[in-house]
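Working notes, beginning with the structure itself.
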Amino acid sequence: MVSVNRVGYEQEGRMKFWGGSFIANPFGSLICQASHDDEATVVEPLELGKTDVYRTHWPFLRDRRIDSYQPITKRYLDEA
């Protein structure tokens, strides 16, 4: 997983972005985490070929009930 977040201030200093972008492996262990205060550009090699291995041996998504997702796709206003 790659999660990207801005860092610094916007709107004349009224809005702060907290940074802390990160890269985690399929087990949730951090591979890399950027600063919360300074801009950073990170290049990290990822082993995308292992994705199928993880999905085969850790099939968490296999048993999900996608038929039950429909209610969460509606906005509150759609039901009025």
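The values are calculated or read from the model by the stated rules, or taken from the named source; none is laboratory data. Keep in mind that what you see is a predicted model, and the values were worked out from it rather than measured. Here Cβ is always computed from backbone atoms with ideal geometry, including for glycine, and neighbour counts include all displayed protein chains.
Filter segment 1-24 down to the residues that are within 9 Å of the chain's Cα centre (by Cα), in a strand (DSSP E or B) and exposed (fewer than 12 other Cβ atoms within 10 Å of the Cβ) and list them by number.
Ser3
Across segment 12-56, what is the total count of residues that are in contact (Cβ under 8 Å) with a residue 12 or more places away in the chain and of a type in the set (D, E, K, R)?
5
Keeping to segment 48-71, report how many residues are within 25 Å of Asn5 (Cα to Cα) and loosely packed, with under 10 Cβ neighbours inside 10 Å.
Taking segment 48-71 first, the residues within 25 Å of Asn5 (Cα to Cα) are 48, 51.
Filter again for loosely packed, with under 10 Cβ neighbours inside 10 Å, leaving 48.
Selection size over segment 48-71: 1.
Of the numbered conditions (1) assigned to a loop (DSSP other than H, G, I, E, B); (2) in contact with a Phe, Trp or Tyr (Cβ under 7 Å, 6 or more places away or on another chain); (3) not hydrophobic (A, V, I, L, M, F, W, C), Gly28 satisfies every one except a single condition; which is it?
The failed condition is (2).
Go through segment 1-36 and give me each residue that's at pLDDT below 90, closer than 30 Å to Val53 by Cβ and of a type in the set (Phe, Trp, Tyr).
Phe27
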